[in-house]
1. Can you put Val155, Val138 in order, fewest other beta carbons within 10 Å first?
2. Find how much the distance from Leu182 to Leu161 grows on full extension, using 0.36 nm per residue of separation minus their present alpha carbon separation; answer in nm with one decimal.
3. Divide, for the stretch 116-192, the radius of gyration over alpha carbons by 2.2 N^0.38 Å, where N is the residue count.
4. Let me know the charge dipole size of the stretch 116-192 about its Cα centre in debye, to the nearest 20, where only the beta-carbon of Lys, Arg (+1) and Asp, Glu (-1) is charged.
5. Residue-wise, which Karplus ³J(HN,Hα) couplings in Hz belong to the stretch 133-145, taking 6.51 cos²θ - 1.76 cosθ + 1.60, θ = phi - 60°, and x for glycine or proline?
6. Hey, which lysines would be in cross-link range of Lys22, C-alpha to C-alpha under 27 Å, not counting anything within fewer than 8 residues on its own chain?
7. Order by neighbour count: Ser24, Ser128, fewest other Cβ atoms within 10 Å first, most last.
8. What distance in nm lies between label points placed 7 Å from Cα along the C-beta direction at Met19 and Phe57?
Amino acid sequence: MTLYHFGNCLALVYAPYHMAYKYSGISEYATFSKCVYAGGLYIFTQLCKMLLLATFFPDTDTSHATGEFNIFLEILKATVDLADLLGLYLALNSVPGKGHAKILTSAIGWASAEHVSTAALVWLWTRSDLPRRHAPLVAGMLALSPYRALIEEAVGSIFSLSAWALLALRAVHASAVGLTALAMYAVLAQQI
């Protein structure tokens, strides 16, 4: 039974990535090594983040028990998430080829749903034909993306939100960021 459960979990986790790789057409570009590179880059950035957090930031489990919320410390910890943006930027720029192959290869290699909207923002930022009027909005959304959890926790703490209300707030926030990135991509795609 354990082996069956392991196979089921393995299929649920990796089958969508395998199908996306095989049937999207990027397998024709021989980009498997770049997918592995992007995955390795993700592991490296997570390791760097763990080392930074463990070395320079104190344990905050005791402050949560007393109910104290140190906003400055939380801002500093959220700033460490900028390493994800840097790693994703390097993954996108290291993949040669057409634009769609670059994004698919990096996204499948990175394999993280939290960074899909951020990947679209990084891709928009690296575009040379991004209209100047959209540049401040993209830069602002990129700058605020590492602070998503901090903003949600602060709003939940200020308004004493229940777990369901906090879940709804997170869904609204993720939808707003994703739809804004999609709208800017649609505007950019119409101009091409």
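Only the coordinates and a few stated rules stand behind these numbers; no lab work does. Since we're looking at a predicted model, the values are computed, not measured. All Cβ positions, even for glycine, are placed from backbone atoms using ideal geometry, and neighbour counts span all protein chains on display.
1. On the way: Val155 15, Val138 22.
Ranking Val155, Val138 by Cβ neighbours within 10 Å, fewest first, gives Val155, Val138.
2. Numbers: separation 21, 0.36 × 21 = 7.56 nm, distance 2.90 nm.
Full-extension gain reported as 4.7 nm.
3. Values: Rg = 14.5 Å, N = 77, 2.2 N^0.38 = 11.5 Å.
The value comes to 1.26.
4. Working: 5 positive and 3 negative charges, 38 e Å.
Using only the charged Cβ atoms, the result is roughly 180 debye.
5. Along the stretch 133-145, the couplings run 6, 8, 4, x, 5, 5, 5, x, 5, 5, 5, 8, 4 Hz.
6. Once the sequence-local lysines are set aside, what remains near Lys22 is Lys34, Lys98, Lys102.
7. Values: Ser24 14, Ser128 4.
Going from sparsest to densest Cβ surroundings: Ser128, Ser24.
8. Inter-label distance under the simple model: 3.6 nm.
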